[in-house]
1. Restricting to the range 176-215, name every residue that is under 15 Å from Phe234 (Cα atoms) and without any contact (Cβ under 8 Å) to a residue 12 or more places away in the chain.
2. Run Gly26 past the list (1) more than 14 Å from Leu66 (Cα to Cα); (2) at pLDDT 90 or above and report the number of the one that doesn't hold.
3. Quick one: count up the residues across the range 91-123 that are among the β-branched types (Val, Ile, Thr) and modelled with pLDDT under 65.
4. Within the range 176-193, take every residue that is modelled with pLDDT under 90 and of a type outside the set (S, T, N, Q) and give me the one that is nearest to Leu149 (Cα to Cα).
5. Checking the condition of a type outside the set (Val, Ile, Thr) and crowded, with 17+ Cβ neighbours inside 10 Å, which residue from Ala173, Ala186, Ala214 passes?
Amino acid sequence: MQDLPRRMATANDSRHFAELFDLLEGVLAWVKDGQGRYLWVNRTFLVHYALEHPGESEASVPSRILGRTDYDLSPAFLADQFRLDDEQVLAGHRVIHRIERVGESQGTTVWNVTNKIPVFDKKGRIIGTAGFTRTLRRDELPDGTASSLEPVLACMRDHYQQVITNRQLAAVARMSLRAFERQFLASFHLTPQKYLRKLRLRIASRTLMATNQALSEIALKCGFADQSHFTREFRRQFGRTPREYREHYMTAAGVPVTKTAARKQ
């Protein structure tokens, strides 16, 4: 694993492909090793990082990225999701043309299309991952994503603590139940209820990292039936129980786990 950078550096074909990715406007591309460390990123990635960290000189940006992991570059709860993606790719799976909602930009919804594939050595062993992502233009979004389904996403964000049925969401979208379920699945590659569960888990992961709230309290506030249900779904999504997740990330976020919180749990 450790000689992956040397093998890539000595491959002329790899360098030529790297130059091509530097010419793709708006595309962030990268290669990571099996431990999730960045071995190479394209120029757009470097520029994007520099824009997000305006106090750093352009010359220092590569050293801030190469050899680092997502845990060095992103908030812990996001890095955890990126790493789970990488683990799936290292197991031989591919992420192809996945459209995902990645955040807000000046109050506007941001959608990206992302691709990730395994990197193989000469013996066919998976030794790393490679990927690229870019922001979709409005005219590239799946039908309904930016219009009829946006109120649905807002409804989920505003009422995730409550039971929300597909029929209620279809009414918000002003569509029949069957048409709504079909369009939502086509747009997000998830059923509405699976999307809602992932939303609740993302919010719960942030709460675990940033507060000392008891697990039972977080479970109810994030729309789960009870702590047992919350723990089961959280472990399925993140590979850790809520307690393990909190212990792993909370100190790094600057909020130590207190004995009081431990007793509540």
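1. Lys194
2. (2)
3. Qualifying residue count, the range 91-123: 3.
4. The residue in question is Phe184.
5. On the way: Ala186 fails: crowded, with 17+ Cβ neighbours inside 10 Å; Ala214 fails: crowded, with 17+ Cβ neighbours inside 10 Å.
Within the list Ala173, Ala186, Ala214, the selection yields Ala173.
The values are calculated or read from the model by the stated rules, or taken from the named source; none is laboratory data. These numbers were taken from a predicted model, which means no experiment stands behind them. Methodologically, a virtual Cβ is constructed for each residue, glycine included, from the backbone with ideal geometry; neighbour enumeration extends over all protein chains shown.
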